[in-house]
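Worksheet for the structure shown next.
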Amino acid sequence: MPLFAGTGSHAGGRAVAIVTGGASGIGAAIASTFAAKGATVAILDVQADKAAAKAAELGLTRVLAAEWAGRGVTVNAISPTVVLTELGRVAWSGAKAEAMLSLIPVGRFAEPEEIAAVALFLASDDSLMINGTDLVVDGGYTIR
């Protein structure tokens, strides 16, 4: 269910953030950070744990980026590694965590603030030429 809050000054007078999985974990942290900075936030509680759902999200990112670019709106996706939210700490502990950490070149999981910083960058005027991309924030996991 979408939830809208706040107003901002990016992209033609308004900062707009669409956050998937925003009902909990990193999605909720990112949405709260955007709203606190004055952005309009649309929260879509979508489960993207299947390859088909993720592909659809990335396709939607590209289509929306193309459709809205002429209006000064950029649309991008963020694909993080495991994020150490409260749930992330529980779900990724013990042997499961050790196995995954051995596959991440930087040797650690992401902190929520790191992913929120990427989202804020993408919503800032410093990223106006970044449009329709998937910013992978995984400590190098996908380069292996």
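The values are calculated or read from the model by the stated rules, or taken from the named source; none is laboratory data. As the structure is a prediction and not an experimental result, all values here were calculated from the model. We place every Cβ from the backbone using ideal geometry, glycine too, and count neighbours over all the protein chains shown.
Within the range 48-58, can one find any residue that is among the aliphatic types (A, V, I, L, M), buried (at least 16 other Cβ atoms within 10 Å of the Cβ), in contact with an Asp or Glu (Cβ under 7 Å, 6 or more places away or on another chain) and at pLDDT below 75?
Within the range 48-58, one or more residues are among the aliphatic types (A, V, I, L, M), buried (at least 16 other Cβ atoms within 10 Å of the Cβ), in contact with an Asp or Glu (Cβ under 7 Å, 6 or more places away or on another chain) and at pLDDT below 75.
For the structure I just gave you, tell me whether LEU64 is out of contact with any Pro (no Cβ under 6 Å at 6 or more places or on another chain) and under 15 Å from GLY27 (Cβ atoms).
Judged against the criteria, LEU64 is not a match.
How about the range 51-73: which of its residues are touching a residue at least 60 places away in the same chain (Cβ under 8 Å) and in contact with a strand residue (DSSP E or B) (Cβ under 7 Å, 6 or more places away or on another chain)?
LEU58, THR61, VAL73
Within the group ILE130, ILE115, which residue is touching a residue at least 60 places away in the same chain (Cβ under 8 Å), within 24 Å of ARG62 (Cβ to Cβ) and out of contact with any Lys or Arg (no Cβ under 8 Å at 6 or more places or on another chain)?
Values: ILE130 fails: touching a residue at least 60 places away in the same chain (Cβ under 8 Å).
Answer to the selection: ILE115.
Determine which member of the set VAL75, VAL83, VAL106, VAL118 is modelled with pLDDT of 90 or more and over 14 Å from the mean Cα position of the chain (by Cα). If you could, list the steps in order and put the result at the bottom.
On the way: VAL75 fails: over 14 Å from the mean Cα position of the chain (by Cα); VAL83 fails: over 14 Å from the mean Cα position of the chain (by Cα); VAL118 fails: over 14 Å from the mean Cα position of the chain (by Cα).
None of the others qualify; the one that does is VAL106.
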